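Everything on this sheet refers to the single structure shown next.
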Amino acid sequence: MITLVMTFVGDDRPGLVNAVSDKIAAHGGTWLESRSARLAGKFAGILLVNVPEPNVDALERTLRDLARAGLHLTIERGAVEEAKPASRTIKLDILGNERPGIVRDVTRALTALEVNIEEFESGLESAAFTGIKMFRAHARLSVPGTLPLDELRKALERLAGEIMVDLTVGEEDYG
């Protein structure tokens, strides 16, 4: 089996996911994992698929044909994952008034600490009573085993004060 990582984007309408899943199943593939969402009138997703090796090229050609229907896809073969140094999984929650640069500032701080983002989800919501736009994000992070959790917390607390957001760091129990 060959592992493929795909992304797709198209105008939101019924049947987009079915168009992709139908092609995958027709080529003996298995839809393993995905994330998708409606964003600005588009429907976008990322998915992980296993496909029998002899069917990979035909599946890739068939999926690329969906571009004529307005569905834009990218297909990448999964990479062999190298052994990672010891790490632990941490969750990070962010909440603050919406403004440009929040994601940049947080990711810059995480990169400086050699923390890897494994999952990241964000959105805007209206604050209770005031209706002010609030930025909210949730992340799952892989923190090097050599980085004490207190050091990570302190660095993020300093950042939170500088950029005026609430950052919450905690142990995560993802399986």
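Filtered by the rule that a residue be out of contact with any helix residue (DSSP H, G or I) (no Cβ under 6 Å at 6 or more places or on another chain) and surrounded by 11 or more Cβ atoms within 10 Å (Cβ to Cβ), the stretch 123-140 gives GLY123, GLU125, ALA127, ILE132, LYS133, MET134, ARG136, ALA137, HIS138, ALA139, ARG140. Just the residues that are of a type in the set (Val, Ile, Thr) and closer than 15 Å to ASP166 by Cβ, please, taken from the stretch 104-136. Matches in the stretch 104-136: VAL106, ILE132.
If only residues of the stretch 100-135 that are among the small types (Gly, Ala, Ser) and not in a loop (DSSP other than H, G, I, E, B) are counted, the one that is modelled with the lowest pLDDT is SER126. Taking the stated definitions as given, is GLU53 over 28 Å from HIS138 (Cα atoms), of a type in the set (Asp, Glu) and touching a residue at least 24 places away in the same chain (Cβ under 8 Å)? So GLU53 passes the test. Annotation: GLU60 fulfils all but one of (1) over 28 Å from GLY123 (Cβ atoms); (2) charged (D, E, K, R); (3) surrounded by fewer than 15 Cβ atoms within 10 Å (Cβ to Cβ); the unmet one is (3).
Of LEU47, LEU92, LEU32, all but one fail to be closer than 30 Å to GLY145 by Cα, in contact with a strand residue (DSSP E or B) (Cβ under 7 Å, 6 or more places away or on another chain), without any contact (Cβ under 8 Å) to a residue 40 or more places away in the chain and of a type outside the set (Asp, Glu); the exception is LEU32.
Residues in the stretch 1-50 that are of a type in the set (Phe, Trp, Tyr) and either closer than 16 Å to THR62 by Cβ or not assigned by TED's automatic domain parsing to the domain that holds ARG61 (or both): PHE8, TRP31.
The values are calculated or read from the model by the stated rules, or taken from the named source; none is laboratory data. For clarity, every value in this text was computed on a predicted model and none was experimentally measured. Neighbour counts run over all protein chains shown; Cβ positions are idealised from the backbone, glycine included.
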